[in-house]
Every structure is written in structure tokens, then in C-alpha cells.
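Step one of this worksheet: look at the structure below.
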């Protein structure tokens, strides 16, 4: 009787029976081996370990208790009585269970049917049907939820054991209610996607590696940076950048001027300008002569004088003079463009990074270690670089916190500047004085070696002693090293500039002399050639005159080549001085300090000579001025850029080696400013300054009459007019003449000035807006801070974390449960029963039978769903479904469905 | 794919794939590496889920971890007993979380654990000092360390309790430009080809 009633109820309400059947299934699993075997095909959970079984059992327990709590009030008394009537014998219970099992199985089948075909006929009434529809929707939702959980399982910060068990549970659930539908496929697709994503990541990583490998000297510079800080590294980065620029210039000049001339131009010896004069031929191959860039080198394609003024050369009809002129201009054009562009980019970068200053130290602390490092040497470098970067930031921080006697500081700074201006004036006067004297010397005969080289000697002495003097004076100012470096750079720059311009003035004098000399020579040449012609004509008018050997032709001084040679000499001597200084001043000193220290009376390493620091300002300025020489000289000595490329290449390796082997890091390692725009600014200034003399000579000095691509023209730029007139159609020449009209140029310049003014105003406005926004962000941050103070931490992530952080309590609990279970199960009383019994005792004293324990929920659910108050009975489960702390003990197999729906 | 591999059942492998960012092959490779560290302790057959744990000393000598200043903390964070010995499950978990595919949030949680030396769920000054000393090999002076720690707290501590809770940490780390790429252990083919 009782069994049939149970069967009825089971048939009536899908959900109730299903839930119940789950419970039953569970029970059987625990208790009845026989039935478990029978159920094999549905019961996938056999492989489960004890822990999870126990888990479920306990969850079910909890769940039942809750059910009762919620629905006790609505339970019908009659039912209770019925239940009370049921015979509590074990046999009966068993049979009940069996019956339930069968009904359950039937139900399962039905459900599957329902899922596969839209609606299978069932014996249930329409009322019940609607119920199960609703339930079905919920079930589906739940299955979706589970699936989602499965797919995001790998993102959960749980222990693997927990992940595995939760995963299994979810999978079982899904499998049970959805069959094996499409599960395998999804997995495969996922695996494929995963694989592709991994491949993509790996490819990106390899590509990044490849890219960094393609950047020359990246590793070298990184190594230097890790030991000497970003300021020293910034010099090497600047050097590398210079090398890149020079490589382009080299390509331009060699590709468009030197190689065409060598390949297609007239060969050596065909013209006077391409031949060593007879008087010099004897010594032209001597090393001492070649070392001075005389002899064969002077009459080679490396210098201006070698080029012929033939309009076109070779079968390509290559317009070499035109190309020469255009390349000379484009060297400056390209350099200007590249310097300004990189300045603009640097400025952009420095503003873009500007707002992220909130977490300097935190990020350094928590994100600076690279977990991919597996090589001890790299690790050492990394440790060094992290330490260095911390020190840099500390220096910055201390600097910003410092407030001392501001008046004293100001006084000292003014004093230092006065002293340095005195030094600069003194050195300027000294140079002026020496140059004046050298002019008088040059007019005198047989002067000594010192008198001849006085200017150079004085200038190198100044260059050697002034920078350390400036540095000593700068100690008074007590600037932050980064700002101090800028001051130092500026001061030495001013000193060097004096140097450079005295050199240029001397050169100018030289050129003017040469020009005067040229006029004389031109007449002589003219007369010689004429006389030669006449004499030959006089002897034999019919025979063509025998050509005069090109070596014998009298020739002018060719001031362009002289200027070129001056620059090349200067560059080469600069290279030598730099390298020797490094070798002696750094390497030998380091060796001395290192090895003599063993037998010296004081500590050399800590005491007086000690190791050298890397002189950033000196090196940067050396580089900048060297580049200025290259720019000035490259028009008159096309080969100069080639020499410079070699120089930069060797100095990269040499200086890297020297720094690593014989320098020590600065006492106060400081961070280079994010953009090295200061270096760039110096470079731009020197570029402009070197443009001036070159432009002056091109525009206002007449080219030599017998050497170079522009010989025979009044001015060098005539080559352009010539090309336009001869090679372009007439209207182009007309347009050109209009464009060159001052009436057009002056308005154009005005327009440009106006544009600059406007853009400047706009950029100022943007800057203000930017500052405003920054301020707002700062305020927001403050606000956020305050808000956080008030808000309690309800972050689920946090609770996950708490869960993780208490591993001992968590891991111990499952085995305990398992033990409990082991103790319990032999008694034949399932853990489910305990709360059940308690419940029933409260309801009716007769309760306590096992069968009753199972019937109870089913009865409850019969009436419950119609009220649609499913949610109401479960207010005590506010925690989200995936929550690791709360639900596990309270969750039955199918049960999480409810709290999920409730949310 | 080993057709006849008997280390794991297919179900186990599938479960691992669902719970980690690894493919079948990589899981087998990880097992290989786990096995190699102690061939006489770790069984080749994992179908029965044996309860085997390797001590921290073995794990931190892996090439991926050897140079890491936080290797002990990493291993401790992933060990279930909190003392540094890892079962195979923990081992897989560690590599999964520290793999390139793991999301930032997950990494942040474990990073927080790693930096929380005394496991009080807060990164306090003592933790910061330890971190700093490990990062710089104790080359900073005491004043510098104090200064840096104070600055970190000042920057990242949102709720003003003088130590970093997870919310603070996450807020700070989520803005870091290169955090995700940095907390990665690469379990590379080259490193483990020997399996």
C-alpha cells in the first residue's frame, strides 16, 4: 500500500521524484551493492572517490534538513500519519527502495524522451506537465550553469583536488541530465582552440624574441644597463641611434655619389684633378704622407676635388654634379628630419607614460622579477638591474623629499654659475688671443713646432681641464644628478662650441687665402696651356699638339679638398684621442688599481685613484661634436661618413668592453630621463650650427676652377639652374623662377611663422587640459581610497583566497568526514537519516523509519511548486553557487539548482 | 599522443585538461618531469591516484624555478599542506597557474599568496622587506629598505590599514603594464624534451 502510494507520488511530480531518486540512488550506492550493480548504467559516479561521495551524502543531508525546515509547515498531517503507519521493518524498506528505483528509472527514461522528442506522451495530467516544463527550463539553466563551471574550472583558484572533485560532480550532473550530448565534440574543439591559442602565443613570443635579436647590441646594452643604470645605458642607446643615422647617410653618399663615380666616371690619371702632381708623385705612397691624407688619398673619390664637372657620366647618363649637390643637401635634410622626428616621438612617449607614476615602487617590487629567467648569469644581471633601478628610484625619492636651507642653496648655485661663466669667458679670451697670435705667426717665417700648433694645444688643454673643473664647481650646486648632468652638458657644450668656431674661423681664413691664390694660379694655368698650345702650333701647325701629361698641368689649391682634409684629420685624431683616453684613463688605471693594490701603502680601490666612473657628459658631447664634424665635412669629403661609421661601430664594442671591464657605477646611480631629448636637443643645435658654414660656402664662395663637380660655375647651386634649364621643359623653369621670387617667398615665410604660432598656442592649450585631467585623476584616486575605507570586503575572489590560505583546516576535513561515514555505514543507518529522524520526531513521534525519510520530501514537493514560492524556503543560501566555503556541505546532487535559480 | 599510455586513465586526463591550461600531451610531459625528480618514489601508474608527495627541495631545483628568488614561496603557495611538498595535483596546478594562458586574475591571486610570506592574508611590512631583500640580494641598506617599503604601502594601500590586502594588491597589479607577462613559468619543450 505504502509502496504504491510512493510510486504514485513519484509519477505525479517530476521534480520531486527526481530529487528523491537522486537521494535514493545515493543511498543505494552507499548501502546496497546489489542495487548499485543494477543501476550501473545510470550511475556514472561509481568511479568517484570516497571523499566526494561523502561530500554528497553530507550535502544531501543538509539539503533534506533544509527542505524540512522550509516546508514542514505545509506538510499535510495525513501524509505524516501515512508515513507513520508504514512498517519500519528492514525488508519493507528494501522493497520500497527497489520500487522507488524502478519508478525513478522510468522517470529517467521519460525525461530523456522528453528531451529528445519535443513532447512525448506521458500519463501525467496537464497540470503536472506544465510543472515539469517549468522545471525543465530550470534544469536546463542549471545544466548550462554547470557547463559554464566546467569550462571555467581552470580559472578557479582552488586546489587541484577540489577542482577535480567539483569538476566530476558537475560533469556527472551534466551527463545525467543531458546524456553524452555533444560533450566530446566541445572538448575537442576546446582543445583545438587551446592549442591554437598556445601556438599563437608562442609565435608572438618567438617573434618578439626575434625582433629584439634584430636590434643590434640590445643584449650588450641591457647588460651595461643592469650594472651601471639607465643613464649610462642611455649613452649607448644614443650611440646606437647615431650609428643608424650614419649608416643611412653612408648609404646615401656611397650609393649615389662615390660608387657611380668609381664605376662610371673617368678613371684615375685621365684628368689633372684625378692625378697626383708630378712633384708629389715620389712620396705619394709614403705612409706618413697618406696618414696626413695627402698623396693618393687626396686625389681619390673620398674628396671633393676628384669629381669631374662633366654633366653626365657613363651609359646611364648619370648627372653626377647634380647628384652630388642633391646628396649634400639631403644629408642635412635627412638628419634634420630624423632628429626632429625622434625628438617628437620621445616627447610623445614621455607624456604618455606620465600618468602611471602612482605605483613606481609597488610595480618595481612586485613585477620586476622575470619568472622566465632560468640562467644563472641572466639572473645575476637581473638582480643587479633590479637593485640599480631601486637605487635610482630611491635617489629620485630622496631628492623630492629634501628641503634644506634654500637660501644657502640659492647662493651657492649663483656662485657656481658666476664661477663657470668666468671660466668660459677666460677660455674664450684665451682662444681668441691664441688665434690672433697664430695669425701673426703665420706671417712670420721659420716658426717652431709649438708656435705652429699653439691653437690646437691650447684648445685640447682647455678641453681636458675645463670639464673636471666644471664638475668640481657643480658640486657646490648640489643638484639631482640627472639635472646636474644636464648643466654639465650645457656648460661643456658652450666650451666646445668656442673651440669649434675658432676652428671654423681659422679655416675660413685659410679658404680666403686659397681663393686669392687660386686667382693667380688660374691665370698661370691659362697661360701655360695657351703657351703650350701656341708653341706646338708654331712648330707644326698641321699635327695636333701632343697632350700635356695631366700630372704636369699647373693647378689651383682646390680649397674644397683642403677643407675636407681638415675635417677628416680632425675626425681621425678625435677617434684616436678618444680610444687612447679610454685605454689609458680607464683600462690602464683599472689594471693599476687592481693589481698594484696588493703592494701599496693605501687602499687604491677605495682611496685616491680608484676606478674611473663612466663619463656620460664627456662621451655624449664627444659624440655630438663628432657628428657635427661629419655633417660639416661630408660635403667636401664624401668618404668621411664611411670613416665615421667605422668609428661608431668600433667604439660601440670598445666602449662596452671598457665600461664593463674597467669602470665602476656612479656613486649615485640615477635614472636617465625617460626621453633623451636633451641629447637630441644638443644634436639639433650642432646640426644647425654645422649647417651654417656649409650653407655659407655653398651660397657665397665660388667653387675652384679646376677641381670638383662644380668647377667652371660661378656658384655651386648653379648646377640646379642648369639642370632645370637643360633637362626640364620650359614651363618648369618658369614655375621655378616664379617660386624663387622674393614676393612669394616672404609671404610663405610669414605664413609659416603664423602656423608655428598657432600650433604652439594649440599645444599649450592641450598641455593645460592634460594637467587638468591629471589632477582630476589624482582626485578620483583619493576618493576611491576613501570609499574603500568604508566598504567592507565582499569580493568573492577574496574569499577564494582565504580558502586557499588556510590549507590545513581545509584538507583535514574531508578525511574526517570519510571516517565518520565509515563508522556510520556499517550500522546500516545512512547519514541521511539522522536529520530526517530528527525532523520527524518533531513532526510526529512515530517517525524515524527509513522509508519515511525518503517519502517526506516527495510529499513536500507535490504541493510546493504551485505556489511558485520555490525561492522562499531557501533564504539561508545567499552565497553564489561557485562559492567554495558555503555550499559544499549543503549541496545535494541536483540540488544546487534551487539556490542558483533563486539568484 | 601515446596510444598505450597507462599513466592516467582517459577520464583522468580529461579532468586534468578541464582543470588546467594544458593539453593531454603536456600533462603527460609534466608527469614525466614529476616522475624524473624521484623515479623511485613516484609511480608511473597514476590511475589509482596514489598519494605521493615530493619535498620542496626537489621541486625548487627544477630549471624553471632554480634562479627564482621566490621559489620557496611559489612551491609553498601551491602545496596543499602549506609546507612545500607537492603532490602531482599541486604540481600540475602550479604549472597551470603560472602558464602563459592563465588569466591575470588567477595569477594575481597566487602572486599575492607568493608575496605573503607569513600567510596572514596581508602583505605587511615584514613581507615587503623580505620580498625586497630577495629581489636585491640584500644589497640595499636598512634605510633604503624602510623607505621603499613605506613608499609601497603609501602607493598601494587604499584602505589605510598600513598593509596590503588582496584588494589593494589586485588594484595595484591590475594597472601594471607587464605583470601578466612576468609571472610566467615556461614549461618549454627544450627544457623537458627528455620525457
Query - Cα centroid separation - segment A:444-519 against segment A:233-263, whole Å - result: 27 Å
Query raised in the report: Helix B:88-97 versus the longest principal axis of chain B: what is the Cα-based angle in degrees, 0 to 90, to the nearest 10?
Result: 50 degrees
Report task. Sort B:130-142, A:409-421, B:95-107 for me by packing, meaning the mean count of neighbouring Cβ atoms within 10 Å per residue, highest on top. Result -> B:95-107, B:130-142, A:409-421
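Determine the calculated [θ] at 222 nm for chain B from helices alone, applying -39500 (n - 2.57) to every DSSP H run no shorter than 4 residues and normalising by the residue count; nearest 500 deg cm²/dmol.
Helices in chain B give a 222 nm mean residue ellipticity of -14500 deg cm²/dmol.
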**Report entry** Ranked A:172, A:519, criterion: other C-beta atoms within 10 Å, fewest first
**Finding:** A:519, A:172
Requested in this report: Could you check the simple spin-label distance between residue A:449 and residue A:758, using points 7 Å along Cα→Cβ, in nm with one decimal?
Outcome: 6.5 nm
Requested in this report: May I ask you to order A:499-511, A:293-305 by the average number of other C-beta atoms within 10 Å around their residues, highest value first?
Outcome: A:293-305, A:499-511
Query - Between segment A:289-309 and segment A:690-733, the Cα center-to-center distance that results, in Å - result: 22 Å
Query raised in the report: Residues of B:133-144, mean number of Cβ from any other protein chain within 10 Å of their own Cβ, rounded to a whole number?
Result: 4
Report task. Run the quick spin-label model on residue A:200 and residue B:61: label points 7 Å from Cα toward the beta carbon, then report their separation in nm to one decimal. Result -> 4.1 nm
**Report entry** Cα pair distances of segment A:710-766 binned at 10 Å [whole percent]
**Finding:** 20, 28, 25, 17, 10, 1
Report summary line: The extension gain from residue A:421 to residue A:714, computed as 0.36 nm times the residue separation minus the Cα-Cα distance, is 101.1 nm
Report summary line: Expressed as a whole-number percentage, the relative contact order of chain B with C-alpha contacts under 8 angstrom and at least six residues apart is 19 percent
Query - Extension reserve of the residue A:347-residue A:398 stretch, reckoned as 0.36 nm per residue once the Cα distance is removed - result: 15.8 nm
Query raised in the report: If we sort A:134-142, A:153-161 on the protection proxy, mean other Cβ atoms within 10 Å, highest first, what's the order?
Result: A:153-161, A:134-142
Report task. Note down the nm distance, to one decimal, between modelled labels 7 Å out along Cα→Cβ at residue A:751 and at residue A:691. Result -> 2.0 nm
Query - residue A:469/residue A:520 FRET efficiency (R0 56 Å; Cβ-Cβ; nearest 0.05) - result: 0.75
Requested in this report: Compute the label zone of residue A:726 within segment A:267-310: residues whose backbone N is under 13 Å from the point 7 Å along Cα-to-Cβ.
Outcome: A:309-310
Requested in this report: Could you compute the FRET efficiency for residue A:414 and residue A:508, with r as their C-beta to C-beta distance and R0 at 22 Å, rounded to 0.05?
Outcome: 0.05
**Report entry** Peptide-level mean, for A:386-394, of C-beta atoms on other protein chains within 10 Å
**Finding:** 5
Report summary line: FRET efficiency for residue A:700 and residue A:552 from the Cβ-Cβ distance with R0 = 30 Å, rounded to 0.05, comes out at 0.35
Query raised in the report: Considering every residue in A:156-166, what mean count of other chain Cβ atoms within 10 Å of its Cβ is obtained?
Result: 6
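Values in this text are rule-based calculations from the coordinates and carry no lab data. Just so you know, these numbers come straight off a predicted model, no measurement behind them. Neighbour counts run over all protein chains shown; Cβ positions are idealised from the backbone, glycine included.
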